[in-house]
C-alpha cells in the first residue's frame, strides 16, 4: 500500500512538472523577446551588424558587463547572433532585417508589440479592454506610422507599377486611414512633385499628424482631412491610393472601398493589406486575428479582401508574401 501511494505521488509530481514546463516555455518566449528588445533599445544592433567585441558592445550599450555577457549568451542560443574570433555579429536573417528595414523600423516595430502587450494586459486587469485601443496610445500611433511608411517603401521597391505611379509628375496619392501621416511624409521626401490627400477621422492620430506636417517642409503638398472614407466624393482623381483597411470598421468598409474605387483614375492603383494570417499553423492564424481585432478592430482576411476587390472590377490583383504579420495587396482599377 505504501508503494502504491508513493507511485501515485510520483505520477502526480511528473504531471505537475510537465504542466509547469508548458508554462515555463510560455514565460521563456517573453524573456527571449525582452532580451532582444533590450539590445535594440540600448543601441547594440549597429555594432552587431559590423561585428564587435564584448568590450565594444559594452561601451556602445552601457549595459553592465555581467548582464551583457548573459544576454549575448542567450542571443547566441536564440540564433540571433554568432561569435567568431572574439567578435559578436548578427546571423544572416537578422543582418538582412537590420540592413533592409533599418534601426528605426526595428525599434518602433518592437515598441509597438511591447506596447500592445502591456496595454492588453493592463486594460484587461482594469476591465477597460476595447477594440482599436491602439488609436488612443501615442507611442503605438507613432509606431504604426513608421511601420506603414516602411511597408509602402517596400511595396514600391518590389512593384514597378507602384513605383511608376508614385513617380508621375504631380502624382496624387490618397491615404485612407493616414494615422500620423508617416506614409505621406515619407513619400514627399522621396518624390519631389507628389501631392498627398490624407484622411484620418481619429482625433489623436489627426492631431499628431497636424503637428508633424507643420514641422516638416512638405506642408504645401499634404492636405490632411479629419474625415472618414465613407464621405469621400471625388471621382477619377487619384493616381494611387493606400487603404489601412484593418482600422476601418465593418459598417464603413464596404462603402469606403467603393468610394476609393470611384476616386481612382482608370489604371489607378490601390495598396492595402491584412494582419490576418492564412497559414497551415492554427495558432498563428488565431493570434493574428486576435491582434488585428485588438489593435485595429477588423479581422478581414486576404482572401476576403481579394473577393471584394474582384467584385469592384479591380484587375489585376497581386498578393504579396507575408512580411512581419502583414500581407500586402496591390490592385489595379480596370
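Values quoted throughout were computed directly from the atomic coordinates according to the rules given, and no laboratory measurement underlies them. Not measured: the values here are computed from a predicted model. Quick reminder, even Gly has a Cβ in these numbers, built from the backbone with ideal geometry, and neighbours come from all protein chains shown.
The DSSP beta bridges internal to the range 133-333 are antiparallel in roughly 40% of cases. Working from label points 7 Å from Cα in the Cα-to-Cβ sense, the residue 66 to residue 54 distance is 1.4 nm.
In degrees, nearest 10, range 0 to 90: what is the angle between the Cα axis of helix 92-125 and the longest Cα principal axis of the chain? Approximately 80 degrees, to the nearest ten. Once both axes come from the Cα atoms, what is the angle between helix 203-215 and the longest principal axis of the chain, in degrees from 0 to 90, rounded to 10? Helix 203-215 sits roughly 70 degrees off the main axis of the chain.
How big is the C-alpha Rg of the range 133-333 next to the rule-of-thumb value 2.2 N^0.38 Å, as a ratio?
On the way: Rg = 15.7 Å, N = 201, 2.2 N^0.38 = 16.5 Å.
Ratio of Rg to 2.2 N^0.38 Å for the range 133-333: 0.95.
If you run the Gaussian network model on the chain, springs between alpha carbon atoms under 10 Å, then out of 270, 168, 106 the most flexible one is 168.
Output the 0 to 90 degree angle, nearest 10, between the alpha-carbon long axis of helix 302-311 and the longest principal axis computed from the alpha carbons of the chain. Here the helix axis deviates by roughly 10 degrees.
Among 77, 113, 255, the largest mean-square fluctuation in a Gaussian network model of the chain (Cα springs under 10 Å) belongs to 77.
Computed over the chain with a Gaussian network model linking Cα atoms closer than 10 Å, the most mobile of 289, 87, 265 is 87.
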